[in-house]
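The values are calculated or read from the model by the stated rules, or taken from the named source; none is laboratory data. This one's a predicted model, so the numbers in the text were calculated from it and none came from an experiment. With ideal geometry, Cβ positions are generated from the backbone for all residues, glycine too; neighbour counts draw on all protein chains shown.
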Amino acid sequence: MAKQKFYVVWVGKVPGIYASWAECQQQVNQYTGAKFKAFESRSEAEQAFAAGYKNYWGQSSAGQGAGGSAGFKRSRSSAAADPGEIDYDSISVDVGTRGNPGPVEYKGVDTRTGDILFSCGPIAKGTNNLGEFLAIVHALAYLKKIGSSKTVYSDSLNAIKWVKQKKVVSTLPRDASTKEIWDLVDRAESWLRNNTYSNKLLKWQTKSWGEIKADYGRK
């Protein structure tokens, strides 16, 4: 089970400290200029909330965008691991599973608003990483179809690697129970081999930014 995080909302519908990403999302989704961050403990969150966002959140040199596109400020203690800015002009993807392997579903959302742009599933049986891979390729194909150069965010390093090498590496057996997901993976690999894209494919920095906007909240 994932360790609980606490979410500070300095600027949002109702500023405060929230114990789940779902509660945080309710305060920041579609809120222009929202400023929020995840912390490992309630005491850290309380200290950060009292100190104010200026100690944790910095604007880019180009200024804050219309949708509140600001980044986290580099500090002395974390300069080497500075996550940079969130590119809100992007799609975020994530997977929901019931067991691993087990039923798989995925979706892609607008990072700025949280609006669902596409979804798939549940697929009868698969793994989290295969679902993440399919979600990324779906996002790339979706963006190519509409002629968009938006960034794609995923919180799975394995899936990002597979997309870049155009080939998955999975021990999931190919049998009748997994035929559906393997058929989709084969099609996705074929799409990658036969198409090009200019979109940036980036790792979502969960420790700094909180759960990815497409999160199913099942952790």
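What to note about this one:
- Condition check for residue 109 on (1) within 14 Å of the chain's Cα centre (by Cα); (2) touching a residue at least 60 places away in the same chain (Cβ under 8 Å); (3) not in a strand (DSSP E or B): one failure, at (3).
- Complete set of residues in the stretch 191-203 that are outside any loop (DSSP other than H, G, I, E, B) and either surrounded by 12 or more Cβ atoms within 10 Å (Cβ to Cβ) or touching a Gly at 6+ places or on another chain (Cβ under 9 Å) (or both): 191, 192, 201, 202, 203
Results for (1) in a helix (DSSP H, G or I); (2) over 21 Å from the mean Cα position of the chain (by Cα); (3) under 19 Å from residue 123 (Cα atoms), shown as yes or no for each residue.
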| site | (1), (2), (3) |
| --- | --- |
| 134 | yes, no, yes |
| 153 | no, no, no |
| 160 | yes, no, no |
| 173 | no, yes, yes |
| 180 | yes, yes, yes |
| 188 | yes, no, yes |
| 207 | yes, no, no |
| 216 | no, no, yes |
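- Count of residues meeting criterion [in contact with a Gly (Cβ under 6 Å, 6 or more places away or on another chain) and surrounded by 17 or more Cβ atoms within 10 Å (Cβ to Cβ)] in the stretch 102-129: 5
- Flag if residue 19 is in contact with a Phe, Trp or Tyr (Cβ under 7 Å, 6 or more places away or on another chain) and closer than 14 Å to residue 208 by Cβ: no
- Annotation: residue 7 fulfils all but one of (1) assigned to a loop (DSSP other than H, G, I, E, B); (2) within 16 Å of residue 207 (Cα to Cα); the unmet one is (1).
- Among the candidates 180, 132, residue that is farther than 21 Å from residue 214 by Cα and surrounded by 12 or more Cβ atoms within 10 Å (Cβ to Cβ): 180
- Candidates 92, 41 - the one that is surrounded by 16 or more Cβ atoms within 10 Å (Cβ to Cβ), modelled with pLDDT of 80 or more and of a type in the set (S, T, N, Q): 92
Conditions (1) of a type in the set (A, V, I, L, M, F, W, C); (2) in contact (Cβ under 8 Å) with a residue 60 or more places away in the chain, marked per residue:
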residue	(1), (2)
146	yes, no
151	no, yes
159	yes, no
171	no, no
184	yes, yes
189	no, no
201	yes, yes
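- Of all residues in the stretch 18-38, exactly one satisfies the criterion of being surrounded by fewer than 17 Cβ atoms within 10 Å (Cβ to Cβ) and among the β-branched types (Val, Ile, Thr), namely 32.
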